[in-house]
1. Out of the residues in the range 321-378 that are among the hydroxyl-bearing types (Ser, Thr, Tyr) and touching a Ser or Thr at 6+ places or on another chain (Cβ under 8 Å), state the one that is modelled with the highest pLDDT.
2. Give the residue, chosen from Gly78, Gly84, that is crowded, with 18+ Cβ neighbours inside 10 Å and either among the hydrophobic types (A, V, I, L, M, F, W, C) or at pLDDT 75 or above (or both).
3. Could we say that Asp494 is outside any strand (DSSP E or B), at pLDDT 95 or above, among the charged types (D, E, K, R) and over 19 Å from Gly333 (Cβ atoms) here?
4. Report whether or not Gly244 is surrounded by fewer than 24 Cβ atoms within 10 Å (Cβ to Cβ) and assigned to a strand (DSSP E or B).
5. For the range 117-142, which positions are within 21 Å of Gly333 (Cα to Cα) and in contact with a Ser or Thr (Cβ under 7 Å, 6 or more places away or on another chain)?
6. Note down all Cβ pairs under 7 Å where the first residue falls in the range 456-469 and is free of Cβ contacts under 8 Å to residues at least 40 places away in the same chain, the second is assigned to a strand (DSSP E or B) and among the β-branched types (Val, Ile, Thr), and they're at least six residues apart or on different chains.
7. From the set of residues in the range 291-308 that are closer than 18 Å to Ala485 by Cα and either at pLDDT 95 or above or surrounded by 24 or more Cβ atoms within 10 Å (Cβ to Cβ) (or both), which is nearest to the ligand (Cβ to nearest atom)?
Amino acid sequence: MDCKKKILGLTALSMIFSGGNFVSMDIPQSVYAAAKTPRFTVEKANDYIQAHKSEVNSRWYPTYHIAAPYGWVNDPNGFSYFNGEYHFFYQHYPYESKWGPMHWGHVVSKDLAHWKHLPVALAPDQKYDVDYTGGCFSGSGIEKDGKLYLIYTAHHETMSGKRTETQALAVSSDGIHFEKSKKNPIIKVPKGNDFSAVDFRDPKVWEHDGKYYLVVGTKTTDKPSLGEIMLFESDNLEKWTYRGIAAKSDSVENGFMWECPNFAEVDGRDVLILSPMIFADGQESHKVVYTIGEMNYETGKLSHGDYDLLDYGFDFYAPQVMQAPDGRCIMIGWMDNWDIPIYDSKSGDGWACMMTVPRELHIKDGKIISTPVKELESLRQTETRYQNLNLNQETQLDGIHGSVGELLLDVDTKASQSFQIKLRSSAKEETILSYDNGIFKVDRYKSGVGPGGMSEVQLAPSDKLKMQIFLDKSSVEVFLNDGEAVISTRIYPDESSQDIVFIPNGNLKIDNVAFYTLDKGLE
Ligand code: FRU
């Protein structure tokens, strides 16, 4: 690998990243200078959303995936269980469909399938969490003694570009209204030269043996830097002790900054999930990886294996996990990505970006497998099913079409080593799923008006291919072989492109195919 080329690549991307997101604000100096009272409050955000939500164009707006009622969304935050409900928050700029000073949007669900919007939970209204720009950056949530605790990154950025990141706490008794702690910021970057004092964000909290632990993403001070995870410990969620670097990237290929660390227990193993800025050869950036290992709570170090991808699609970043009351590890990701200009922001539709469906994580043969949570079956309405089909020409099946639905397919890949399925198809558009001798691809070059591109994954050898596909107007999520691989992709087709077409290359032997129309899951 040409080292120079790689480092140049990193510089360019980090510039695009900071230029494209964190400092994209265009606030007139007069407004900034006059801002004695908070420019942003929860009340202002909620009033604005109420006044504007009817302007949202529904053509690509999801029906059962989480999105904001109005405005911009990025990372999942504060995913937790409190008072008998799943609470899910998200990075949110309610005033426009582009990134701006971050608020926390909020939805709630009893069953992980039907979600209801709640008022905005946090606004950047304190001097530690906003200046010229900044905001309540990503963080997590946990229940303690009948209260819901949110710990987030207070990102403070002056007009001259001086950035400070600290961690702050907000607490709620009713799960709706949150009060920021008077002790904020509760964690400042510890003294030392091992890590950056500027990139220090995205706390993920969990409980272990009666104590609380928290990981924060950071990077070394080397040039180029390497991603790192810092570990903190607490008895009460307010006073934290720095325990050290729990894990560190061993090469630039594994990320120059690790964002949104998640620590989870999956089937008795410890799993670290990371959103590295740059992964692999410098070409693929903003991927999500995991590594399986063992946390030594005495030394504060995680011993772990290799890194693997959690999703092979274009649109998957910054996922957050939570431990459900029944012990399952459940994950929701942001179904968009910083690397490609986000089409929602250009569409003029009044909203931008959405989440994936909730996925359940397990470990099989040393790898994470992720499957849609069982509860999503409660969205199923009408069923159309066919069995033992042998197709030898392009075929559409009665009852199997649409822009919203769930498609299940079992294909005999011994008899059919190569085939295609076109989704959201019409004379002018198509999103092509293809299988060819173990290689599965999703091609969105002709999907509609959004960005093109092709995602692919090499599957383990098998005589069967099982697909579970979720369609929701502007998204396609494909789960392969019960979670062996997942591909998540946003698409922007015309509303009239509704066909689903099966295209054999020779013979297509389908053991089972079922299509479900789905209930509206987002209110
Ligand atoms: C990841 C991220 C986080 C940060 C947030 C800001 O997408 O950059 O590191 O907290 O977005 O919105």
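1. Taking the candidates together, the pick is Thr356.
2. Values: Gly84 fails: crowded, with 18+ Cβ neighbours inside 10 Å.
So the residue among Gly78, Gly84 that is crowded, with 18+ Cβ neighbours inside 10 Å and either among the hydrophobic types (A, V, I, L, M, F, W, C) or at pLDDT 75 or above (or both) is Gly78.
3. yes
4. When the stated conditions are applied, Gly244 passes them.
5. Hits for the range 117-142 are Phe137, Ser138, Gly139, Gly141, Ile142.
6. Gln458/Ile439
7. Here the answer is Thr291.
Residues checked against (1) within 16 Å of the ligand (Cβ to nearest atom); (2) farther than 21 Å from Ser58 by Cα; (3) assigned by TED's automatic domain parsing to the domain that holds Tyr81:
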site	(1), (2), (3)
Met331	yes, yes, yes
Trp334	yes, no, yes
Pro341	yes, no, yes
Ser345	yes, no, yes
Asp349	no, no, yes
Pro358	no, yes, yes
Gly366	no, yes, yes
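The values are calculated or read from the model by the stated rules, or taken from the named source; none is laboratory data. No experiment lies behind these values; they were computed from the predicted model shown. Every residue, glycine among them, receives a Cβ derived from its backbone with ideal geometry; neighbour counts consider all protein chains shown.
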